[in-house]
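The values are calculated or read from the model by the stated rules, or taken from the named source; none is laboratory data. These numbers come from a predicted model, not from an experiment. Virtual Cβ from ideal backbone geometry, glycine too; neighbours counted across all protein chains shown. Side chains included, ligands, DNA and RNA excluded: accessible areas come from the protein's heavy atoms. Shrake-Rupley method; radii C 1.70, N 1.55, O 1.52, S 1.80 Å.
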Amino acid sequence: SGGLRSDTIYALFTDREGVIWIGTNRGLSRFDRLGPLQQTVSDSPNGNFIRTLFQTAAGAIYAGSNRGLFIQKDEQWIPAGASATLPIYALAEDRSGKLIIGSSAHVGQAVRDVRSFADLGGATYAAVGGIGLAQVTSGTYHLKYADPSVSTVSSDGDKLWIGTDGNGLFSFDGRDIKLEASPETLKIGMIRRIALAPDKTVWIAGEHGVFRLSADGPEKIIEAEDVRDVLVDGENVWAATTTRGLLHARQNEQFGWLVSSVGFEQGLPSEKAFSILRLDDGLLIATNRGVVKYKPGEVPPKLIATRV
């Protein structure tokens, strides 16, 4: 996956961005040293289906898959922990530096999937599918807010932001639950991920796109289906989708929000992306065919007028 179409090469050409174009007896291939670089996590298809990525305070990088947890060491991925057969949906770190793993958990008499973690007031909370918001204490879950539609949770330090499947966006200050945006106002469907920008702006990845929630209300930034993650990095907004791969949005004063896609044709092994992790030298993207390291290009496009 991601290799040449053939081992028989007839022509080579290097363009102005340093990309090598390769002519073979089975068509044209291109090789970009700064383009997406695929990393295979496991030989098992389920182990190579990556759901989430997480970097600890010490710098260790973990990948949660459909079949266990992996850690990156010397550019290689190796199994970690005793969860080799469990699907991993969420990862976090507590105050003592211990890794918290979200998988299928027993809550009461039911087995539910833990989808995300967030900290508030020294306590760790989890969004548990089919149950609601739960507080994590010594590996056990104590239900704090019963709502089967709860799908994700995030924290800005002052309160928790709670996303749901079709019931809107809520907040929790440690005592009370408050509706922040109704489903009629938000029109996003299922909320998959919530990201908080430094200016306290709330960014939402959902079933029907990426939304920004400010004092002026919700605004749709990216039109896309099944957005799984959103990352705000300065003036750049990145979104992981299972329909269009990795999307990059940036605001232009004249034209508004401009969106470009990085998918199979740009070097991703699959159009199905689930999580984004910001690194010092680029991005790490979780897909259903391993992880991809991607460094955004810095060469400006060359515009040529062909007709006036």
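List of remarks:
- Each residue of segment 261-272 is assigned a 3J(HN,Hα), and the resulting list reads 10, 10, x, 4, 5, 9, x, 5, x, 7, 7, 9 Hz, derived from the Karplus form 6.51 cos²θ - 1.76 cosθ + 1.60 (θ = phi - 60°), x at Gly and Pro.
- Amide H within-cut-off set for GLU93, under 5 Å, with H built and near neighbours excluded: ILE100
- Set of segment 277-308 residues, backbone N closer than 16 Å to the point 7 Å along the Cα-Cβ line of THR201: none
- With every protein chain in place, segment 114-217: carbon and sulfur % of accessible area (1.4 Å): 46 percent
- Rolling a 1.4 Å probe over the heavy atoms of the protein chains gives the chain an accessible area of 54 Å² per residue.
- Pairwise Cα inverse-distance average, inverted: Kirkwood Rh of segment 139-195 (Å): 11.7 Å
- Amide H partners (placed H, <5 Å) of VAL291, local residues excluded: GLN39, VAL41
- Unsatisfied cross-links (Cα-Cα over 32 Å) in the set LYS98/LYS187; LYS73/LYS144; LYS73/LYS302; LYS220/LYS293; LYS200/LYS272; LYS98/LYS144: LYS98/LYS187; LYS73/LYS144; LYS73/LYS302
- With the simple model of a label 7 Å out from the Cα in the direction of the Cβ, GLN251 to THR56 spans 3.8 nm.
- Prolate/oblate/rounded call for segment 1-40, Cα gyration tensor, a/c under 1.5 rounded: oblate
- Highest mean packing comes first when the peptides 295-307, 235-247 are listed by Cβ atoms within 10 Å, giving 235-247, 295-307.
- Here segment 152-231 is treated as a sphere whose radius is the Kirkwood value from Cα pairs; by Stokes-Einstein at 4 °C and 1.567 mPa s it diffuses with a coefficient of 106 µm²/s.
- Computed over segment 13-157, Cα set: Rg, Dmax in Å: 19.8, 63
- Shape box of the chain [Cα atoms, principal axes, largest first, Å]: 66, 51, 30
- Stretchable slack from GLU180 to LYS295, in nm (0.36 nm times residue separation minus alpha-carbon distance): 37.9 nm
- Taking amide H positions as modeled 1.01 Å from N, with prolines and chain starts lacking one, the residues under 5 Å from ASP226 and 5 or more places away or on another chain are HIS208, GLY209.
- As a fraction of the 1.4 Å probe accessible area of segment 1-92, surface on carbon and sulfur atoms comes out at 51 percent.
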